[in-house]
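Taking it in order: structure first as structure tokens, then the write-up.
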Amino acid sequence: MRTNIPVVKAILQANEAVASENRTAFDAAGLLAVNLMSSPGAGKTSLILATVERLPDTLKVGVIEGDIASTLDAERIAARNIPVVQINTGGACHLDAPMIRSALPHLPLTALDLLFIENVGNLVCPAEFDLGAHLNIVIASVPEGHDKPYKYPGMFQKADGVVLNKADLLEILDFDLEAFRHGLRILRPDAPLFILSCRTGDGLETWIDWLMGQYRLRRERHGR
Amino acid sequence: MHELAITQGILSVVLEAAEAARARRVLTIDLTVGALTGYAEDPIRFYFDLLSRGTPAEGAILRIRREPGQGHCQTCGATFPVEPPLSPACPFCGSVEIRIHGGTHCLVERIEVEDEDEHPGGEGHPSGQ
Ligand SMILES: Nc1nc2c(ncn2[C@@H]2O[C@H](COP(=O)(O)OP(=O)(O)OP(=O)(O)O)[C@@H](O)[C@H]2O)c(=O)[nH]1
Ligand SMILES: [Mg+2]
Ligand SMILES: [Zn+2]
């Protein structure tokens, strides 16, 4: 006999359940978790390093490095004496919530104030796999061109903030900043845009001020 | 390659629902896939065929409904479906004061199954048809 069964379930419901466990763990530790997403080479690792360099010393930062196979980025972070856990996704083009959960026991969570999660470079899947982070940040970079919000709207819809990196190249390349801004505005008019250069340091202050503001909001909410 | 992980998600939701219904075989699967996610239909079918082998969902027909994004024009009030790459302006009046929502759902909507034979204590022997 044939039977119709209404299901109506999110395809990634299992991931979402673990993501909310992760969020609970972050909240219990009183830290702000920030998921950094971008295409390969847009500057995720550079932004982590440039940000940590400029944060107050009193703020304790940890990093989860997602990478398909290598440990190069984790080595760049560890060289700065920042606690870092490497996750090799074994070919998968994104991090998922269970991978983050399995990384957490390897970090001094309660001692941390800020946790950066560097996702795998990819503008499709990371948008769909909630990790439990408080902030999803999308990094675009000038050499990629201004059309990214139009081509990868799903990623930009998920952004709580957008960084446009490699602004030092704006003069050299024909990046249409207004078209980029517009693409972001039609998808997420509320998401702040930070135009900066990890190379020169220009624009980093505004990003860091905002991030610190987000951190203070978290702490007020979870009183610690 | 992006579709591998979500296809694993599809299969596990489907198999769970089929098991809960004590179904022997899954015949059809209705999916909604948001157009703004960047996931494409063909790779989902490809991976599904591969992953479902030897499971009760092997051979099931996938019916994929693509959920477009919703465009809304703040100038003329029109609403219109959108797909990537997005156009920067309203298709009706040309205004750039538009907003885009939705188009990101990935859901298993329903499945059609063949029920297990009703013999007492029967644990669903693979059907030899
Ligand atoms: N010109 C310029 N180059 C930059 C800037 N920021 C980063 N880069 C360069 O861009 C390249 C990639 O930077 P990464 O920080 O490794 O990028 P990523 O996103 O972590 O890369 P993957 O982890 O491989 O996806 C490096 O060669 C950086 O030196 C910038 O502001 N300006
Ligand atoms: Mg990196
Ligand atoms: Zn209009």
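Toward the positive end of the charge dipole of the protein assembly as shown, about the Cα centre and with charges on Cβ (Lys, Arg +1; Asp, Glu -1), which of B:Gly38, A:His134, A:Leu59 goes farthest? Value computed over the given set: A:Leu59. Here B:Phe92 and B:Gln70 are evaluated by their C-beta separation; at R0 = 25 Å the FRET efficiency comes out at 0.95.
Rg/Rh, computed from the Cα trace of chain A with Rh as the Kirkwood radius, has the value 0.98. Please build a GNM for chain A, connecting alpha carbons under 10 Å apart, and tell me which residue among A:Pro83, A:Pro108, A:Pro126 fluctuates the most. Ranking A:Pro83, A:Pro108, A:Pro126 by mean-square fluctuation puts A:Pro108 first.
Of A:Gly145, A:Thr89, A:Pro6, which is farthest towards the positive pole of chain A's charge dipole, taken about the Cα centre with +1 and -1 on the beta-carbons of Lys, Arg and Asp, Glu respectively? Looking along the dipole axis, the top candidate is A:Pro6. If only the Cβ of Lys and Arg carry +1 and only the Cβ of Asp and Glu carry -1, the dipole of segment B:6-108 around its Cα centre is close to 260 debye. For segment A:30-219, a simple Cβ point-charge model (Lys and Arg +1, Asp and Glu -1, everything else neutral) yields a dipole of about 460 debye relative to the Cα centre. Could you please state, rounded to a whole Å, how far the C-alpha centre of segment A:32-108 is from the C-alpha centre of segment A:146-224? Cα centroid of segment A:32-108 versus Cα centroid of segment A:146-224: 19 Å apart. Taking a ≥ b ≥ c as the square roots of the eigenvalues of the Cα gyration tensor, segment B:33-116 is prolate, since a/c reaches 1.5 or more and a/b is larger than b/c. Annotation for segment B:52-94 versus segment B:23-51: alpha-carbon center distance of 16 Å. Normalised by the number of residues in chain A, the average gap of Cα pairs under 8 Å and 6 or more apart makes the relative contact order 25 percent. Once all protein chains are placed together, A:Lys151 keeps about 100 Å² accessible to a 1.4 angstrom probe. Of the chymotrypsin sites (Phe, Trp or Tyr not before Pro) in segment A:131-202, not one is in a loop by DSSP (not H, G, I, E or B) with at most 12 other beta carbons within 10 Å. For chain B, the longest principal axis of the Cα atoms and the long axis of helix B:41-51 meet at an angle of about 20 degrees. The H on the amide N of B:Ile98, modeled in the peptide plane, is under 5 Å from the matching H of B:Gln74, each at least 5 residues off or on a different chain.
The 3J(HN,Hα) values that the Karplus relation (6.51, -1.76, 1.60; θ = phi - 60°) gives for segment B:32-39 are, in residue order, 10, 10, x, 5, 7, 6, x, 7 Hz. Gly and Pro appear as x. Taking label positions 7 Å along the Cα-Cβ direction at both A:Ser102 and A:Glu205, the computed distance is 4.4 nm, reported to one decimal. Candidates A:Pro189, A:Asn165, A:Thr200 compared by Cα position along the dipole of segment A:154-202: farthest toward the positive end lies A:Pro189, with charges placed on Cβ. Taking the Cα centre of the protein assembly as shown as reference, the dipole from Cβ charges on Lys and Arg (+1) and Asp and Glu (-1) amounts to some 620 debye. Phi angles of segment B:95-101 translate, via the Karplus equation with coefficients 6.51, -1.76, 1.60 and θ = phi - 60°, into HN-Hα couplings of 5, 8, 7, 10, 10, 10, 10 Hz per residue; Gly and Pro are given as x. Taking every alpha-carbon pair under 8 Å whose residues sit at least 6 apart, segment B:1-100 reaches a relative contact order of 26 percent.
Which shape class applies to segment A:105-197: rounded if a/c is under 1.5, otherwise prolate when a/b exceeds b/c and oblate if not, where a ≥ b ≥ c are the square roots of the Cα gyration tensor eigenvalues? Because a/c hits 1.5 or more and a/b exceeds b/c, segment A:105-197 counts as prolate.
A cut-off of 5 Å between modelled amide H atoms, ignoring neighbours fewer than 5 places along the same chain, links A:Ser141 with A:Asn165.
Is the C-alpha gyration tensor of segment A:1-53 telling us rounded, prolate or oblate? Criteria: a/c under 1.5 is rounded; beyond that, a/b larger than b/c is prolate, otherwise oblate.
Taking the square roots of the gyration eigenvalues as a ≥ b ≥ c, segment A:1-53 is oblate.
Go through B:Met1, A:Met155, A:Met1 and list them by solvent-accessible area, largest first, probe radius 1.4 Å.
A:Met1, B:Met1, A:Met155
Measuring with a 1.4 Å probe in the full set of protein chains, what accessible area per residue, in whole Å², belongs to the protein assembly as shown? List each step's numbers first, then the result.
Numbers: 15950 Å² over 353 residues.
Using a 1.4 Å probe on heavy atoms only, each residue of the protein assembly as shown averages 45 Å².
The values are calculated or read from the model by the stated rules, or taken from the named source; none is laboratory data. From a predicted model like this one, the values you see are computed outputs, not experimental measurements. We place every Cβ from the backbone using ideal geometry, glycine too, and count neighbours over all the protein chains shown. To get the accessible areas, we keep the full protein, side chains included, count just its heavy atoms, and leave off ligands, DNA and RNA. Shrake-Rupley method; radii C 1.70, N 1.55, O 1.52, S 1.80 Å.
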